[in-house]
Each structure stands twice: as C-alpha cells, then as structure tokens.
Amino acid sequence: MLKDANIFVLAITAIFVENFVLVKFMGICPFLGVSKKTETAFGMGMAVIFVMTISSLATYLVYKYILVTLGLEYLKTIAFILIIAAIVQLVEMFLQKVTPALYQALGIYLPLITTNCAVLGAAILNIDNGFNLLQSILFGCFSAVGFTLAIVLFAGVRERLETSDIPEFLQGTPIALVSAGLVAMAFLGFSGLSF
Amino acid sequence: MIVLYAGITLGGIGLLCGVLLAVASKYLSVEVDERIEQINEILPGANCGGCGYAGCSAYATAVVEGNAPVDACVVCGNDVIKKISELVGTEASGKEPKVAKVLCSGTTECAKNRYIYEGINDCDAAARLGGGFKACTYGCLGLGNCAKVCPFGAISVEDGVASVDEEKCTGCGKCTAICPKNVIVLVPKTAKYYVGCSSKNKGAEMKDKCSAGCIGCKICEKNCPSQAITVENNIAKIDYDKCTNCGLCAEKCPRKIIKERSLNAK
C-alpha cells in the first residue's frame, strides 16, 4: 500500500507513475492554458508546488480534527474547496506583504490556482490513501513537482510546434491536444514502476 | 438533524475563513498608491504597449513612481494627459498627435507581381520569399499583419494595400513595428500631404513595376517654396517641421503620388 511506502517511493509514484496531469488527467486547464512558454509554465509550476503543499497541510488538519470528529466526512469536497480558496487568498496577501518579488514573479498564476482541480485532487487523494500528516504534505508537494515537470516538458513541445509546419485544420488547440496525448503516452511507460 | 450539523459546520468554516481573510487583509495590506488606480482608470485600457510598457496598468505604476513621462501614452488625447499630469503633479511637455499612414499606393491594378504567392496569409512569410511577390520590393504586400495587430481595428486591406481609418487610428505605432516592409509610418495629424510610396527603385524601373509609384523626378523638390521636400534614393520625403501645407508639391507631381489627406479626422 502507498501509505506504508517510504519517501522515495512516494516521490517516484507522485512525480512519474501517477503523474497528476499525464496519468490522472487532473489540472488539464492550466496544462493547456499556461504552457505556451517555458518561463510562464515554470512560474505556474512553482505556484502550484507552493499552494499544493500548504493546502495539503491545511485540508488534512481540517479533515482530521473537524470533519472526522463531527462525523461529516462526506462534506470533504465542498469543505476543501472553501479552504483552498481561502488559503490561496491568504497566501497571495502574505506574499504581497512579505516578498513582493515572489508575488510579482508568480503574478496571475496564484489566483488561477484557486480553481485548479489538481489542488483539490491532491487534498482528496491524501485522505483516500489514508496518509498521515507528513505523508500528506510530501505527497502534495511531490504531486505538484510532477505537475511542474509535465507542464514544463509540454511547454518545450509547444515551443517547437510554434515553428513547425502544421496543417491548417490542426493549428492551435487541436495539435496541442494531440501532442498532450502523445506526451501522456510517453508517461505510460512509468506504469511498470508502480508498487 | 445531521443536515443542520452539516450546514453549521460548513457555514462555520466559511465564516472562519472569511473572518481570517478580513483580519489578514487588515494586517497584511500593502500601501498601494491610490493614484495608480486612478490613472489606470482614465487610461484607454487597450494595453497596446505604445508607451513602451507591458500594459496600461504597468504604465500607470511607472508614471506614479516617476519613471515614465506623463505623456508617454500615444493613444490618450490631451485631456487625459492633462488629468494624469494633475494627478502626478508634473507638467506634460506637450506632444504632437500622430496618425499612421501607409506609404504605398500599389494596388492590385497598379503594381505588377513577380510570381503567384500561395503561402500562408502572412506578410512576414511572404516577405521572406525573395522579398515578396510584388515586382516592387518596397511596397505593401497587403496580407494584413498590420490589420491583425491593430488594437483599435483601424486598418483594413483594400485592393491589396493596407489602409488606415484615421478616425480610429490613435497613433500607437504597433503597425509600424510589425510591418516587414516598413511601409507604414506615423505622420503628424496636422500634416496635410504625404508621399504615398516608399520605393527606392529608379524612375524607369519603377514605371515598369508599378504604375502608381514615385519615380524620384525631383519636380516636387524644385517647386517646394519652403525646401521641405528632398528626394533621396529616388523617393521624395517631406520634412514636416518645414512643410507649410501649401500643396504645391501635390499639384506639380506628375505621378500624383503626393497625396492630400483629409484633415477632417480629429
């Protein structure tokens, strides 16, 4: 079981074998929307790592100490959405105050993450996998690293597509979706590593 | 009963988050100069980049910080610039409003083609194929990169040559930057005459390639009473600092390539 796995196994699983974007198909919206340039893709990835780690911590605590205590486990989805939205807002304010440079660098990506299903997905998977607090935080962080890896790799592919001779009917989003599928197929190779 | 619990819990979490955010916004609020917001509101909001900044809000920030002149916005009228300078407290140096003009008259009837172009609908791509399909390599290719980039919808392509709607043009200069042939220039709004050609071809060669273009005959140069026109590299050029809008050049031009613009547009 994944919950008995050590950190290394957890990392390999979250980043490669069960990559959020390319294997579980979560967070496809920013994956397609923010992957036109490598730099912006990397910025988005950093923002996701940041938020996913913190939200894994917060949602775990809320689930364990509020929802389980009151026997309201079935409310986890809606409660998590609420918490993630609040956290993103809070983090944004905090960053603007403390490190304006980082705030500038993350720019609009931070509020974009509020509605990113990958963040919610990580929070729910933490619960479903029965992780403890440390595992939850690590899993959230590693999943986000997997997201960053996927989006940066894909941005590289899309930059190449910019200069390619693509048939007119495939230009733009169609070819982006086709290549996303091919990148996802490449990641299928990691499934042999699953535990 | 359980529904009540669920409602209370969720409402409680929501309320808690709300209170937390309200408190946080108080403690973590960053002093933002309110003038930035005010300037941002009166700017056109087209984010054309004509001022050299990433967008209107970036420019507003730069103005308030004193890094940008108050009149850098090429789109704003003088009234908006006046408002900005009142907010910031520095005087505008006063600028001349400009308008984009396409210096080519080689419509499909006038200009000959060297080959039939069947590539993508893009001036850049066409210009790379031996300088374009037109016999005159200085002319407008008419594939409309300028029309695509214009944030105000002021440019359209008519008869194979781009044409600027002066009512809509704000002089932001985006089209001048994107044109691979550099055939669009900004002229002062007060200028009445312009040379509708950019060709550096010699006279005889030009006559062969395009029935509209300037042949560099120097008749305008000789007739101009204020020495505002010079012919260099076989093309007439008007110095708008000297031009008095007398119109003698347009009258004398044998090719009728020095054209009059209507000054009705504001």
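With respect to the numbered conditions (1) acidic (Asp, Glu); (2) in a helix (DSSP H, G or I); (3) in contact (Cβ under 8 Å) with a residue 60 or more places away in the chain, which one is the sole condition not fulfilled by B:Glu166?
Condition (2) is where B:Glu166 drops out.
Mind listing whichever residues of the range B:37-63 are crowded, with 20+ Cβ neighbours inside 10 Å, among the small types (Gly, Ala, Ser) and under 23 Å from B:Ala154 (Cα atoms)?
Across the range B:37-63, the qualifying residue is only B:Gly50.
Testing A:Ala184 on (1) closer than 16 Å to A:Pro30 by Cα; (2) without any contact (Cβ under 8 Å) to a residue 24 or more places away in the chain, one condition comes back false. Which one is that?
(2)
So if I check each of B:Gly139, B:Gly160, B:Gly132, which one is under 12 Å from B:Val183 (Cα atoms) and crowded, with 16+ Cβ neighbours inside 10 Å?
Just one listed residue meets the conditions, B:Gly139.
Output yes when any residue across the range A:136-150 is within 14 Å of chain B (Cβ to nearest Cβ), more than 26 Å from B:Thr9 (Cα to Cα) and assigned to a helix (DSSP H, G or I), and no when none is.
No, every residue in the range A:136-150 fails to be within 14 Å of chain B (Cβ to nearest Cβ), more than 26 Å from B:Thr9 (Cα to Cα) and assigned to a helix (DSSP H, G or I).
Collect the residues in the range B:167-186 that are within 11 Å of B:Val99 (Cα to Cα), among the β-branched types (Val, Ile, Thr) and surrounded by 20 or more Cβ atoms within 10 Å (Cβ to Cβ), keeping them in residue-number order.
Of everything in the range B:167-186, those that are within 11 Å of B:Val99 (Cα to Cα), among the β-branched types (Val, Ile, Thr) and surrounded by 20 or more Cβ atoms within 10 Å (Cβ to Cβ) turn out to be B:Thr170, B:Ile184.
Residues that are within 14 Å of another protein chain (Cβ to nearest Cβ) and at pLDDT 80 or above: does the range B:70-81 have at least one?
no
Run down B:Ala22, B:Ala6 and say which single residue is surrounded by 17 or more Cβ atoms within 10 Å (Cβ to Cβ) and either under 30 Å from A:Tyr63 (Cβ atoms) or in contact (Cβ under 8 Å) with a residue 24 or more places away in the chain (or both).
Criteria check complete, one pass: B:Ala6.
On the basis of being aliphatic (A, V, I, L, M), more than 14 Å from chain B (Cβ to nearest Cβ) and either assigned to a loop (DSSP other than H, G, I, E, B) or under 27 Å from A:Gly189 (Cβ atoms) (or both), does A:Ala14 make the cut?
yes
Please go through the range B:126-163 and give me each residue that is among the aliphatic types (A, V, I, L, M) and part of a loop (DSSP other than H, G, I, E, B), ordered by number.
Listed by number, the residues that qualify are B:Leu129, B:Ala135, B:Leu141, B:Leu143, B:Ala154.
Against the definition (of a type in the set (A, V, I, L, M, F, W, C), at the interface with another protein chain (Cβ under 9 Å from one of its Cβ atoms), part of a helix (DSSP H, G or I) and surrounded by fewer than 17 Cβ atoms within 10 Å (Cβ to Cβ)), how does A:Phe94 come out, yes or no?
yes
For a quick check of your reading of the model, give me the residue pairs whose first member lies in the range A:70-82 and is more than 7 Å from every other protein chain (Cβ to nearest Cβ), whose second is surrounded by fewer than 13 Cβ atoms within 10 Å (Cβ to Cβ) and at pLDDT below 90, with beta-carbon atoms closer than 9 Å and at least 6 apart or on different chains.
Between residues of the range A:70-82 that are more than 7 Å from every other protein chain (Cβ to nearest Cβ) and residues that are surrounded by fewer than 13 Cβ atoms within 10 Å (Cβ to Cβ) and at pLDDT below 90, the close pairs are A:Gly71/B:Ile2.
For the structure I just gave you, tell me whether B:Ser29 is without any contact (Cβ under 8 Å) to a residue 12 or more places away in the chain, of a type outside the set (Val, Ile, Thr) and farther than 21 Å from B:Asn78 by Cβ.
In short, yes.
Any residue that is under 19 Å from A:Ile108 (Cα atoms) and within 11 Å of chain A (Cβ to nearest Cβ) - is there at least one of those in the range B:33-53?
no
Here are the criteria: (1) crowded, with 18+ Cβ neighbours inside 10 Å; (2) within 14 Å of chain B (Cβ to nearest Cβ). Tell me which single one A:Asn116 does not satisfy.
Of everything listed in (1) crowded, with 18+ Cβ neighbours inside 10 Å; (2) within 14 Å of chain B (Cβ to nearest Cβ), A:Asn116 misses just condition (2).
So A:Phe131 fits all but one of (1) surrounded by 13 or more Cβ atoms within 10 Å (Cβ to Cβ); (2) assigned to a helix (DSSP H, G or I); what number is the exception?
(2)
Does the range A:45-57 include one or more residues that are over 14 Å from the mean Cα position of the chain (by Cα) and within 11 Å of another protein chain (Cβ to nearest Cβ)?
Checked the range A:45-57: no residue is over 14 Å from the mean Cα position of the chain (by Cα) and within 11 Å of another protein chain (Cβ to nearest Cβ).
If you go through the range B:1-55, how many residues are within 35 Å of the chain's Cα centre (by Cα) and closer than 27 Å to A:Leu70 by Cα?
0
Filter the range B:1-27 down to residues that are within 7 Å of another protein chain (Cβ to nearest Cβ) and either over 19 Å from A:Phe80 (Cα atoms) or not in a helix (DSSP H, G or I) (or both), then give me how many there are.
So the count comes out to 2.
The values are calculated or read from the model by the stated rules, or taken from the named source; none is laboratory data. Please read all numbers here as calculations on a predicted model, not as lab measurements. Positions of Cβ are generated from backbone atoms using ideal geometry, with glycine treated the same way; all protein chains shown enter the neighbour counts.
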